[in-house]
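Accompanying notes for the structure given below.
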Amino acid sequence: MKLIVIGSSSKGNCYILEGEHHKLILEAGIKFDEVKKALEFKLDYVAGCLVTHSHKDHLGHVGNFLINGIQVYGSKGTMGELNNHNINYVKSKQTFYVGEFKILAFDSIHDTEEPLNFLIESSLTGERLLFITDSAYCKYKFKDIDYLLVECNFKESIIQKNVEDKKIPEFIAQRIRETHMEFETTKRLILNYPGVKKVILIHLSDKNSDPGLFEEELTFHANCPVHVAKVGDEYAL
């Protein structure tokens, strides 16, 4: 498999997971024109798009995905009042197939209605990627994970310093703590999966993170390469 990063921040999130025969889009928070460019305008191989929750940086451009015939998978709470024949509703703990990918949806810890994260498995190779974003933590443990695509949004010492320096108000900092994954939580999650072959850190806060420190320290603790996702990155999985 291969992963392409189109966006990974509060400005917009979108990734493409390429399998043997199909491509799976993760999130619809980037303009569809940019997604088409990343796909080299070859939409025939796109099996579908998974969306985790209803915030604009993850769902904001889903309308154009649907108009262009992309099958979109998300919870009813996420899709809200949207009405289109290309919408596919999924629930937590539901297993479903999108092209060559076998997917398990599971509930996440966020401040939206019915947010989901996903365990994605290639039905051809058996490789398993755990996709976790916009969640304070993950309350589930999975077996035989090969790759982690996981949020590492902020570090408590950095966000607390920003509060003290009045760069962000305390109530916003508290909301972030309750809905996003902190550095130490991400580290514990990575250490929970000693057999993982590659970790890609996503959705880092612009103000409350340190990409260089995150990558260096987590690489030290992990048994595999750890990368901070940047727009345009491509990772062989």
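The values are calculated or read from the model by the stated rules, or taken from the named source; none is laboratory data. None of these values were measured; they are calculated from a predicted model. Because the Cβ atoms are built from the backbone with ideal geometry, glycine has one as well, and the counts that use them run over all protein chains shown.
Tabulated data for the structure shown
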| read-out | value |
| --- | --- |
| Any helices (runs of 4 or more DSSP H) falling wholly within the range 41-125 and containing at least 3 residues that are out of contact with any His (no Cβ under 8 Å at 6 or more places or on another chain), closer than 21 Å to residue 9 by Cα and at pLDDT 95 or above | 56-59, 62-67 |
| The range 149-174 residues that are more than 22 Å from residue 201 (Cα to Cα), paired with ones that are in a helix (DSSP H, G or I) and of a type in the set (Asp, Glu) (beta carbon under 8 Å, 6 or more apart) | 163/170 |
| Subset of the range 121-153 (residues that are surrounded by fewer than 23 Cβ atoms within 10 Å (Cβ to Cβ) and among the β-branched types (Val, Ile, Thr)) | 125, 145 |
| The range 138-159: number of residues that are aromatic (Phe, Trp, Tyr) and within 21 Å of residue 15 (Cα to Cα) | 2 |
| Residue check, residue 111 under 12 Å from residue 53 (Cα atoms), surrounded by 15 or more Cβ atoms within 10 Å (Cβ to Cβ), charged (D, E, K, R) and touching a residue at least 24 places away in the same chain (Cβ under 8 Å) | no |
| Within the range 84-107, considering residues that are of a type in the set (Gly, Ala, Ser) and on the phi < 0 side of the Ramachandran plot, the one surrounded by the fewest Cβ atoms within 10 Å (Cβ to Cβ) | 92 |
| Meets criteria (part of a loop (DSSP other than H, G, I, E, B), surrounded by fewer than 14 Cβ atoms within 10 Å (Cβ to Cβ) and either under 19 Å from the mean Cα position of the chain (by Cα) or free of Cβ contacts under 8 Å to residues at least 60 places away in the same chain (or both)) for residue 195 | yes |
